[in-house]
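What follows is a short report on a single structure.
The values are calculated or read from the model by the stated rules, or taken from the named source; none is laboratory data. Given the structure is predicted, the values throughout are model-derived calculations rather than measurements. Virtual Cβ from ideal backbone geometry, glycine too; neighbours counted across all protein chains shown. Ligands, DNA and RNA are excluded from the accessible area calculation, which covers all protein heavy atoms including side chains. Shrake-Rupley method; radii C 1.70, N 1.55, O 1.52, S 1.80 Å.
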Amino acid sequence: MPPAPPARPSLATPLHLIKGIGPRRAAALAQLGPKNVGQLVAWLPHRHERHEPLTPIALLVPGAIVTATGTVTATRVALRARTPRFQAVLVDDSGRLDLIWYNALYARESVRPGVRLRVTGKATKAPKGAGLQIANPQFALLPPPEPAGAIDDEPPPSSPTLVPSVPTPTWAPVYPAAASISSRHIAHCLRAALPMALPLIEDHFPPDFRALHGLPELRDAYASIHAPADEPAIAAATRRLAFDELFLLQLGMAIKRLHRLRDRPAPALPCTPTIDAKVRARIPFQLTPAQNRVIAEITADLAKPQPASRLIQGDVGSGKTVVALYAMLLAVAARRSAALMAPTEILAEQHHRTISAWLKGSSVRVGLLHASLPRAQIRDVRQRLAGGQIDLVIGTHSLIVARTAMPNLALAVIDEQHRFGVHQRAALRAITDGVPTTPHVLVMTATPIPRTLALTLFGDLDVSTIDALPPGRTPITTRVVPASQRTQVYGFVRARLEKGHRAFVVVPAIDAQPTTHFRDTSGAGHAAVGPTPPAEAAKPRSVHELAQELTDGPLAGVRVGVMHGRLPPAERQAAMDDFRSGRTRVLVATTVIEVGVDVPEASVIVIEDADRFGLAQLHQLRGRVGRGSLPSVCVLISPENDALSNDRLLTLAQTSDGFRVAEKDLELRGFGDFFGEKQSGSSHFRVVSFPRDGDLLQLARRAAQHWADQSPSLDQPRDALLRKRLLKLYGEWVRLGDIA
Ligand code: ADP
Ligand code: MG
């Protein structure tokens, strides 16, 4: 006997106390996740299955396609008839239906007297007698009726909100299940729990808010998602639940942002015409209108004593570095310091080189810091940072990992944000904990964040977009070439080299083991679906193998350098220097050159085993060429006869727009994989799906912003429930300490 349910049922009631669930199923559910009623109701189906309506046999209409179930009472084989046939009689409580299979005697193997059957087909008047028949019906054997009390036969509770009165057709929820408990059993548990649970579900939105945004009540949304009346009910429920997910995340971000603006002052970094002129004098080219617009946006931010938090988006090669430098020099002009953080040591070194060159002869003190520098040098730089003797430090994330003291820091720029996470951004702020002012933060991303996603992920940031490339760039031609034509490809490379150009060759691996892998979670894994590629193409080439192969063969006599992340810093530096200066004309590299590397004389990039890379990554790699005035070419070498991966690669040949590429990549890879779920905060998304919910995101974002403006501390009576749910879901992640 199960223990008696507690006097006052609540959403916290443990599942084993619910009549119809019991201890065994409660344990199985707990293994999967839900432990109490509230958690079970929040266990959402990942899809709904359409079930055709069943009509009692007596009510079947001749001429219609019908579905009926019943028990077979008799069968007959007529082998000698002109057309051999197999006949069966199906009965239910209301009547009898004749089934005939012509030339399909296989049916008699399974259709035997006593079995239960579901049949679908066109009902016609039987030639003899008054009944109906179906010729050549589709059929499925049904399990024998289970003894009374077996869970699957238990009728659903007859609450009018739960059971549709006209089931045409019905929609059955399909739940994320496990070996311990099936979707059907979960559905059963929900049927048992819903009648008591639904009245207990309180809505965190008031009726006027719901009416304004066309949202059903939360209780109704849960009722419909678990026991939908029809398709529109599923859609409305899905929309409500997706809205809630988006709204809560956006609300957390909006509040965080408001508090940041209100509570922690930042040093004001004003820009005067004199400062502007001095900064521009350092830049060796005219800034584009797009760069100037973004600089104006940043300048306005930095002039205020509130910590700026701005995302600078701009496609590969749009010239973000110089924009960052402009901002950093504003900090220096205010006698404060600035930090530029890059995701790779190679990129940090390059930024250091470029910026030092631009600032040559000025009084700005520039420093470089990353983990591969000699210990003495690291110690020296950190000491000078702590003493405020460096104005502008360029480094990797070791800047924050080592919690380098930078008491004078007024601005931190994070380059290639998509390589970092939200946590690192937060950690960066933490460096200056204890310092009376908070630094301004600019994050830059060499694309590709689809616009809608940028809002989800960086809802706490303002966004500026550099939407044009500097003049004089010639578009990059992208070609997808089968591996069999590699000889021609390197012939072409050789011709380019003879004209004085330089070339990148990118491979997925340093040695035998691939270092980079494109994970395709779309389920349409090209490697799995396509025909097996030839053995030669199956093994990815390594940096060293290929460099050898090229100098032995098609590029004999050409000086070829190699570059990868495991080279000691000095060799890496030398390899980069040699390629930049032209001492080596070809650089065979891994994806360490993916971000930022800037060598304008390079006009060709060949990407071996291109199918192993993600599209966004290929777009980044492609951005290594086309940086000067030379007409540039990107060659993607693809496996033979693999239509799927060739199709994917052709997307790149068709567009040079990083945003489009990113959207396609997202479509192929899915949300979580694109950014890493933990970073994006999307791990709480059960219902939200992109691109479907792009518009809903905009709506939720505006609504959340408005809500936060009205009640920045969520301390009004109508906030109570919302605040509780927000803290539960995102309290830790968005660090809402200040409203907790
Ligand atoms: P990304 O946005 O990819 O970081 P970079 O900042 O590396 O781009 O700039 C790409 C190249 O374009 C660099 O060589 C840079 O010096 C050059 N560049 C940037 N802005 C301009 C401009 N306004 N005119 C000419 N060249 C520019
Ligand atoms: Mg860059």
* For the pair residue 140 and residue 487, how long in nm is the line joining their label points, each one 7 Å along Cα→Cβ? -> 5.7
* Förster radius 35 Å - calculated FRET efficiency between residue 692 and residue 24 (Cβ-Cβ, nearest 0.05) -> 0.40
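How high is the relative contact order of the range 52-136, in percent, with contacts defined as C-alpha pairs under 8 Å that are six or more residues apart?
Over the range 52-136, the number comes to 33 percent.
Projected area of the range 52-136, taken from the Cα convex hull and averaged over every viewing direction, in nm²?
Directional mean of the projected Cα hull area for the range 52-136 stands at 5.3 nm².
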* **Paired Rg and Dmax values of the range 547-589, which use every Cα atom, in angstrom** => 10.4, 30
* Contour minus end-to-end for residue 65 and residue 304, with contour as 0.36 nm per residue of separation and end-to-end as the Cα-Cα distance? -> 78.9 nm
* Filter on 664/724; 320/360; 35/664; 304/724; 256/278 - keep pairs with C-alpha separation over 29 Å -> 664/724; 35/664; 304/724; 256/278
* Structure fact -> Per the charge dipole of the range 263-360 (beta-carbon charges, Lys/Arg positive, Asp/Glu negative, Cα centre), the residue among 307, 330, 354 reaching farthest to the positive end is 330
* Asked: Using the Karplus equation 6.51 cos²θ - 1.76 cosθ + 1.60 (θ = phi - 60°), what ³J(HN,Hα) coupling, rounded to whole Hz, does each residue of the range 109-115 give in order, writing x for Gly and Pro?
  -> 4, 10, 7, 10, x, x, 7
* Structure fact -> With the 1.4 Å probe rolled over protein heavy atoms, the range 205-302 has an accessible area per residue in Å² of 42
* Heavy-atom accessible area order for 351, 16, largest first, 1.4 Å probe -> 16, 351
* In the neighborhood of residue 180, defined by Cβ-to-Cβ distances under 12 Å, what is the net charge if each Lys or Arg adds +1 and each Asp or Glu adds -1? -> +2
* To do: Please turn the phi angles of the range 698-708 into ³J(HN,Hα) values with the Karplus equation 6.51 cos²θ - 1.76 cosθ + 1.60 (θ = phi - 60°), one per residue in order, whole Hz, x for glycine and proline.
  => 4, 4, 5, 5, 4, 4, 5, 4, 5, 4, 5
* Enumerate the amide H contacts of residue 602 below 5 Å, restricted to partners 5 or more residues apart or on another chain; note that Pro and chain-start residues carry no placed amide H. => 502
* **Amide H contacts under 5 Å for residue 67, placed H, 5+ residues apart** => 55
* To do: Apply 1/(1 + (r/R0)^6) to the Cβ-Cβ distance of residue 103 and residue 49, taking R0 = 35 Å, and write down the FRET efficiency to the nearest 0.05.
  => 0.65
* Structure fact -> Sequence order, the range 277-283: Karplus ³J(HN,Hα) from phi using 6.51 cos²θ - 1.76 cosθ + 1.60, θ = phi - 60°, Hz rounded, Gly and Pro as x, gives 5, 5, 5, 5, 4, 8, 9
* Asked: Over the range 165-258, what is the relative contact order in whole percent, taking alpha-carbon pairs under 8 Å and six or more residues apart?
  -> 28
* Per-residue accessible area for residue 35 at 1.4 Å probe radius, Å² rounded to 10? -> 120
